[in-house]
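Scroll down for the structure; my scribbles are underneath it.
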Amino acid sequence: MDRTVQVLGRQISHTDIVRVFVILSLSLCCILITAISLAQQTGAVYTQLFYFPIIYGTYFYPRKGLYLSGACALAYEVLSYYYVYPNPVDLISTTAQAILFILVAVVVAYFTEKVNTSEARYRSIFESSLMGIILFDQNSFAIKLTNTCVEDMLGYTEEELRSKTFTSLFSTPEEQRVFFERLGSSADITNFQTRFKKKDDEPLWVTLSWRRVTENMVSTSIIDINSRKLAEQAAEESAARYRQVTENSPTGIVILRDQKIEYSNPAFTQLSGYSPAELTGKDFLTLVHDEDRAEFFRFISTDGGKGDQPDIRECRFITKTGDTRLGALFFTSIVHRGVPALLINLVDTTERQQLKERIQKDTELRHGIISTVAHELRTPLQPIMGYLNLLTQDPKTYGVTEETRAILDRCAKSVDRESQIINQMLELSVLDAGKIPLTYSQVNVRDLLTTIVSTGGYASKGDLTIDAPEETVMEIDESKISVVIDSMLSNAVNYSKPPRKIRVSYQFSNAEQMHRISIQDNGVGITNSQLDEIFEPFNLPAAGSQVRKPDRVGLSLSIAKKYIQMHGGYISVDSIVNLGSTFTIHLPKIPPKAAEGGQQ
Amino acid sequence: MTKRILVVEDDEPILDLMDLLIRRLGYEPVLLSNGPDALRYAKNDPPALILLDIMMTPISGWEFLEKLRAEPSLKTLPVIIFSASPSVEEKMASINDPFLGVLHKPVSFVELRTGIEQALKKQD
């Protein structure tokens, strides 16, 4: 750009000042030379000199040049009139000369103007173009010309760009290499996508088109496609991610349009046994089991209109090989490629169903085995117990001495215990099968505790206190909860040594809305590691071996836990080794539905 | 005349024991080891009470009971299920027979006495 100076409030460039000075001095010289030549009568040969300032002036400043030509013509005319008057021939010729000045100026101005406007138009297009334009030398790659768009795009100034080579604009050597390849391959290229490097080193996606304007000059147009490209990349990435998810999904995914399969993922392809090609365009209903077809059709028809709410159904499918598979599926209405479609997610539940049936069968079988075993174990106990009873009831008849009778009593006790173990084993097996229903009734807590304590004779075993309000009632299955509390008390007695201190207390938890019955003892306690095990079948606390072998089996706590769970409650244990344990039964104030109680 | 108690039981040792126990309780035992025989006996000459085992061949205690109750005159004859099988109560609940009781094996002398007495009282 030119340097400028401030003259009368206007910016005037040095070039203009020089030009104006040259033009004006030339014009002045011409006038002076003309005046001298006229005065000395040397002829009109110097009039042609006027063309220099006129053409020069009109060329650079068409409009002002016209004024200049007018001024020059006037000056010439005045001088000529002064010297040649009244010779009519000379007057006519000088007038013609002056008019010729103006005509020449007009012609020059006209063409200059024309050239200038087209150049201005071109320049404005070039400058204001939304496309970046770079002109570079094909041999040196030196940048010859750029427009503002390029400057804005890359963040360089015009000077900075002019000092660079075109090839240095590329983001990576690889992109440079591809450019060279393309440049060498053919003359004109359109829509060559590549990345430029901005001034701040950020890559910028652009499309280049170029053509050779001269032997060595190449004009390149540059379009910024960065945002589009980034959006495209993001879309591609999300599409790739989506594809990856669908393709690797263990769930079968199918897209239906008018019941025809538009897309199926590998999981579904595998399930169906068909190839993807066979599936595409296939009527989905033909894959559905005959008996489920009507139901399935109703399902997709109603839910199709309902929109986003997925709903799960189970349905049988027929594979290519004719096998029947069971699938749980849900639908979502989607827009696929601009058209409403149905997205089906499908999980093969055949194996789960089979497993469920097998577990059911196993449970029934186990229950059957336990029942039979119990029957077989109990039957021989009957004669033993019966004869023992007979001998001890009537010792004289059978000649039984006092000493023998004591021995027989112990035998009877063992039979009792054996029988109890079998009963508990059975109880547990029935509980596992979920076959025992609960019978709820309103039970007074205090009465319940007192009855259990007196029936079990626990008061005689140590210092036993019952702390329960008189009026409180619970809605429970009395017989089941009695069994639970009784086994807790039995444990409290059996896992402690005299002097025993046992406290049975009731509290109501407002926060939980639960009844709490605690049985606290001063016994051997339970270690942390044993806490989890004591509710497992046949896990007698190891501490048990330290005291007299109790009349107790390892199943009572397992049964207690199950009973309490059936009531919707739980058992918690606090224990310190050698100081004692507290078992707390938590029972909800409002029991779960009695009908459901037995299903747990 | 002493009341007759029919014991239907296929386990020989138990049958022997019941013979002794029932006699001791002051009743007259009739011991039969299968359902069809017992059914014929009961129809012919109804006893005061039947002690009935469940797991038997050729017919089970339940089948025996069904055939017994089919006879109008035997609908109120007290029967005590005398079984080592679990879940007898479940089946009993579904039958809902007021003249049906249960004793689980192994049963003690005292339990047997109480059971029989209660069953007989119910009929009176």
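Look at B:Ser60 and say whether it is within 14 Å of chain A (Cβ to nearest Cβ) and of a type in the set (S, T, N, Q).
Working: within 14 Å of chain A (Cβ to nearest Cβ): yes; of a type in the set (S, T, N, Q): yes.
Yes; evaluated as a whole, the condition is true for this residue.
Of the residues in region A:388-442, how many are in contact with a Lys or Arg (Cβ under 7 Å, 6 or more places away or on another chain), outside any helix (DSSP H, G or I) and either within 16 Å of B:Glu90 (Cα to Cα) or within 10 Å of chain B (Cβ to nearest Cβ) (or both)?
1
Residue by residue through region B:1-32, note down the ones that are away from every other protein chain (no Cβ under 14 Å) and closer than 15 Å to A:Thr379 by Cα.
B:Val8
Please work out which one of (1) in the same structural domain as A:Ile134 (by TED's automatic domain parsing); (2) out of contact with any Phe, Trp or Tyr (no Cβ under 7 Å at 6 or more places or on another chain) is the condition A:Gly273 fails and give its number.
Unmet for A:Gly273, out of (1) in the same structural domain as A:Ile134 (by TED's automatic domain parsing); (2) out of contact with any Phe, Trp or Tyr (no Cβ under 7 Å at 6 or more places or on another chain): (1).
Run down B:Asp53, B:Asp45 and say which single residue is of a type in the set (D, E, K, R) and within 11 Å of another protein chain (Cβ to nearest Cβ).
When all the criteria are applied, what remains is B:Asp53.
Restricting to region A:315-342, what's the tally of residues that are among the hydroxyl-bearing types (Ser, Thr, Tyr) and outside any strand (DSSP E or B)?
Counting residues in region A:315-342 that are among the hydroxyl-bearing types (Ser, Thr, Tyr) and outside any strand (DSSP E or B) gives 2.
Which of the residues spanning region A:79-102 are without any contact (Cβ under 8 Å) to a residue 12 or more places away in the chain and surrounded by 13 or more Cβ atoms within 10 Å (Cβ to Cβ)?
Scanning region A:79-102 gives A:Asp90, A:Leu91, A:Leu100.
Residues checked against (1) crowded, with 16+ Cβ neighbours inside 10 Å; (2) at the interface with another protein chain (Cβ under 10 Å from one of its Cβ atoms); (3) over 28 Å from A:Gln393 (Cα atoms):
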{"residue": "B:Leu77", "(1), (2), (3)": "yes, no, yes"}
{"residue": "B:Leu112", "(1), (2), (3)": "yes, yes, no"}
{"residue": "B:Ile116", "(1), (2), (3)": "yes, no, no"}
{"residue": "B:Lys121", "(1), (2), (3)": "no, no, no"}
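Could you check how many residues of region B:54-112 are farther than 27 Å from A:Gly434 by Cβ and among the basic types (Lys, Arg)?
So the answer is 3.
Looking at region A:372-411, which of the residues that are within 18 Å of B:Ser108 (Cβ to Cβ) and basic (Lys, Arg) is surrounded by the fewest Cβ atoms within 10 Å (Cβ to Cβ)?
A:Arg410
Quick check on my filter: what residues within region A:120-155 are surrounded by 11 or more Cβ atoms within 10 Å (Cβ to Cβ) and of a type in the set (D, E, K, R)?
Answer for region A:120-155, where residues must be surrounded by 11 or more Cβ atoms within 10 Å (Cβ to Cβ) and of a type in the set (D, E, K, R): A:Arg123, A:Glu127, A:Asp137, A:Lys144, A:Glu151, A:Asp152.
Of the numbered conditions (1) within 21 Å of A:Arg257 (Cβ to Cβ); (2) over 27 Å from the mean Cα position of the chain (by Cα), A:Pro340 satisfies every one except a single condition; which is it?
Of the numbered conditions (1) within 21 Å of A:Arg257 (Cβ to Cβ); (2) over 27 Å from the mean Cα position of the chain (by Cα), the odd one out for A:Pro340 is (2).
Looking at B:Ala93, B:Ala84, which one is within 14 Å of chain A (Cβ to nearest Cβ), exposed (fewer than 13 other Cβ atoms within 10 Å of the Cβ) and aliphatic (A, V, I, L, M)?
Exactly one of B:Ala93, B:Ala84 is within 14 Å of chain A (Cβ to nearest Cβ), exposed (fewer than 13 other Cβ atoms within 10 Å of the Cβ) and aliphatic (A, V, I, L, M), namely B:Ala93.
With the structure loaded, tell me whether A:Ala374 is aliphatic (A, V, I, L, M) and more than 12 Å from chain B (Cβ to nearest Cβ) or whether it fails that test. So that I can check it myself, show each step before the final result.
Details: aliphatic (A, V, I, L, M): yes; more than 12 Å from chain B (Cβ to nearest Cβ): no.
It is false that A:Ala374 is aliphatic (A, V, I, L, M) and more than 12 Å from chain B (Cβ to nearest Cβ).
Among the numbered criteria (1) touching a Leu at 6+ places or on another chain (Cβ under 9 Å); (2) of a type outside the set (S, T, N, Q); (3) under 24 Å from A:Gly65 (Cα atoms), which single criterion is violated by A:Leu161?
(3)
Residues are listed down the side, and each one gets a yes or a no for (1) among the basic types (Lys, Arg); (2) touching a Phe, Trp or Tyr at 6+ places or on another chain (Cβ under 6 Å); (3) modelled with pLDDT of 80 or more:
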position: A:Leu145; (1), (2), (3): no, no, yes
position: A:Cys149; (1), (2), (3): no, no, yes
position: A:Leu154; (1), (2), (3): no, no, yes
position: A:Arg162; (1), (2), (3): yes, no, yes
position: A:Val178; (1), (2), (3): no, no, yes
position: A:Glu181; (1), (2), (3): no, no, yes
position: A:Ser186; (1), (2), (3): no, no, no
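Are any residues in region A:125-173 in contact (Cβ under 8 Å) with a residue 60 or more places away in the chain, touching a strand residue (DSSP E or B) at 6+ places or on another chain (Cβ under 6 Å) and assigned to a loop (DSSP other than H, G, I, E, B), and if so, which ones?
A:Met131, A:Gln138 - these are the residues of region A:125-173 that are in contact (Cβ under 8 Å) with a residue 60 or more places away in the chain, touching a strand residue (DSSP E or B) at 6+ places or on another chain (Cβ under 6 Å) and assigned to a loop (DSSP other than H, G, I, E, B).
Grab the strands (runs of 3 or more DSSP E) fully contained in region A:210-285, keeping just those with 2 or more residues being surrounded by 15 or more Cβ atoms within 10 Å (Cβ to Cβ) and of a type in the set (Gly, Ala, Ser).
A:217-224
Among the listed residues B:Pro72, B:Pro106, identify the single one that is at the interface with another protein chain (Cβ under 10 Å from one of its Cβ atoms) and either buried (at least 21 other Cβ atoms within 10 Å of the Cβ) or without any contact (Cβ under 8 Å) to a residue 40 or more places away in the chain (or both).
Answer to the check: B:Pro106.
Considering only region A:222-259, state which residues are closer than 23 Å to A:Asp323 by Cβ and not hydrophobic (A, V, I, L, M, F, W, C).
A:Ser249, A:Pro250, A:Thr251, A:Gly252, A:Gln259, listed by residue number.
Can you name the residue in region A:348-371 that is in a helix (DSSP H, G or I) and among the β-branched types (Val, Ile, Thr) and is also surrounded by the most Cβ atoms within 10 Å (Cβ to Cβ) among such residues?
It comes out as A:Ile370.
The values are calculated or read from the model by the stated rules, or taken from the named source; none is laboratory data. Note that the structure is a prediction, hence the values are computed from the model and not measured. Every residue, glycine among them, receives a Cβ derived from its backbone with ideal geometry; neighbour counts consider all protein chains shown.
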